[in-house]
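Engineer: I have a structure here, written as structure tokens, and I will follow up with some questions on it.
The values are calculated or read from the model by the stated rules, or taken from the named source; none is laboratory data. Everything numeric here is computed off the predicted structure, so don't read it as measured data. Cβ placement follows ideal geometry from the backbone for every residue including glycine, while neighbour counts extend to all protein chains displayed.
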Amino acid sequence: MFMKINTECEAMKKLTYVFVLMALSSSSFATGGQITFRGAIVETGCDTLIVHSQIKQSCTRGGKTEAATLGLNDSQQSLPFKLGTMQLKKVGNYRMMTVNYY
């Protein structure tokens, strides 16, 4: 009886190793595939409005709207609700605005 249990344990270990090796080999050698996401974006990004020499970012969360203003000569400002930052960088005669969301 002891031999039978020991043999079954050995068989289970071997079977487990086979499944682990199969799982590892298929994921490491995959050359293509498709990932599908389901769901919805429930919160929008911030709105940007440029008026004269100021950039206004308005963000809405939980039905409440907050705004932050960045002058064209400023370099960085936090977004409302601490959602991220907006940066201005002068490139030649232009300004490049980068918005980073956290």
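Engineer: Which numbered condition in (1) surrounded by fewer than 13 Cβ atoms within 10 Å (Cβ to Cβ); (2) small (Gly, Ala, Ser); (3) within 10 Å of CYS46 (Cα to Cα) is the only one that SER58 fails?
Structural biologist: The single condition SER58 does not satisfy is (1).
Engineer: Can you report the number of residues in region 1-55 which are modelled with pLDDT under 80, among the polar types (S, T, N, Q) and surrounded by 10 or more Cβ atoms within 10 Å (Cβ to Cβ)?
Structural biologist: Number satisfying all stated conditions: 4.
Engineer: Within region 70-89, how many residues turn out to be surrounded by 13 or more Cβ atoms within 10 Å (Cβ to Cβ) and either at pLDDT 90 or above or under 14 Å from ASN100 (Cα atoms) (or both)?
Structural biologist: The qualifying residues number 11.
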